[in-house]
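The values are calculated or read from the model by the stated rules, or taken from the named source; none is laboratory data. What you are looking at is a predicted structure, and each value in this text was computed from that prediction instead of being measured. Note that each Cβ is placed from the backbone with ideal geometry, even for glycine, and that neighbours are counted across all protein chains shown.
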């Protein structure tokens, strides 16, 4: 018999919502186990029980699995793509149904997590937990020290101000600069829009770290399953 899992954890593992939100859904009577209302403390057998949320089946995963992938250019950060483009999920070898943790645009490269751990996904993607993402951005033009400072102080975008947790100039040559930016928010194309707003469009963008987790040995298209120690580095307080 498989190990029985607390229901709120099973729902969080499915990626549908956080554990706290799952507990609230249980208290509201929205969660049923084999057709019967549940209470906090109930557990689900992933091999035989039927768990539903608002009438829809909840996929109950017996084992959590998270991979670190070095995403190449042109790969889409989704589980499936109706246009048939390559996805991050298809690059990871697993018998389980996995999902990308957050987004990395098709024209960006670098590290992304692929997982079935809903709680981990919530902690990595929600800005309130402060998990940073570090990027190397190659941009057009020579970036001044004042512009580097402005990226940390805040840049006006159409959907509100955006700022890097830190920014620094790594290299500068005629017509080209290399910047390192550390971000907490993950708005759509935020780094690219910030740099374009200060007059330096991005020609290449690579994510090099998620929290304290990095792996310079991973080649584009390669992935590895992360360990408990990796997760500690990933979620370690700044």
Single condition residue 105 does not satisfy, out of (1) touching a residue at least 60 places away in the same chain (Cβ under 8 Å); (2) under 14 Å from residue 225 (Cα atoms): (2)
Considering segment 104-125, residues that are modelled with pLDDT of 90 or more and part of a loop (DSSP other than H, G, I, E, B), and then whichever is surrounded by the fewest Cβ atoms within 10 Å (Cβ to Cβ), we arrive at 107
One residue from 63, 24, 95 being surrounded by fewer than 18 Cβ atoms within 10 Å (Cβ to Cβ) and either in contact with a helix residue (DSSP H, G or I) (Cβ under 7 Å, 6 or more places away or on another chain) or not in a loop (DSSP other than H, G, I, E, B) (or both): 24
I'm told residue 215 meets every condition in (1) under 30 Å from residue 93 (Cα atoms); (2) more than 23 Å from the chain's Cα centre (by Cα) except one. Can you identify the failing condition by its number? (2)
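Picking from 137, 164, which residue would you name as being crowded, with 16+ Cβ neighbours inside 10 Å, at pLDDT 95 or above and assigned to a loop (DSSP other than H, G, I, E, B)?
The conditions single out 164.
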State whether one or more residues within segment 48-59 are out of contact with any helix residue (DSSP H, G or I) (no Cβ under 6 Å at 6 or more places or on another chain), surrounded by 21 or more Cβ atoms within 10 Å (Cβ to Cβ) and closer than 20 Å to residue 230 by Cβ. no
Determine if segment 178-185 includes at least one residue that is outside the structural domain of residue 112 (by TED's automatic domain parsing), closer than 30 Å to residue 65 by Cα and either at pLDDT below 95 or part of a loop (DSSP other than H, G, I, E, B) (or both). yes
Just give me the residues in segment 197-221 being surrounded by 14 or more Cβ atoms within 10 Å (Cβ to Cβ), over 19 Å from residue 137 (Cβ atoms) and out of contact with any helix residue (DSSP H, G or I) (no Cβ under 8 Å at 6 or more places or on another chain), in sequence order. 215, 218
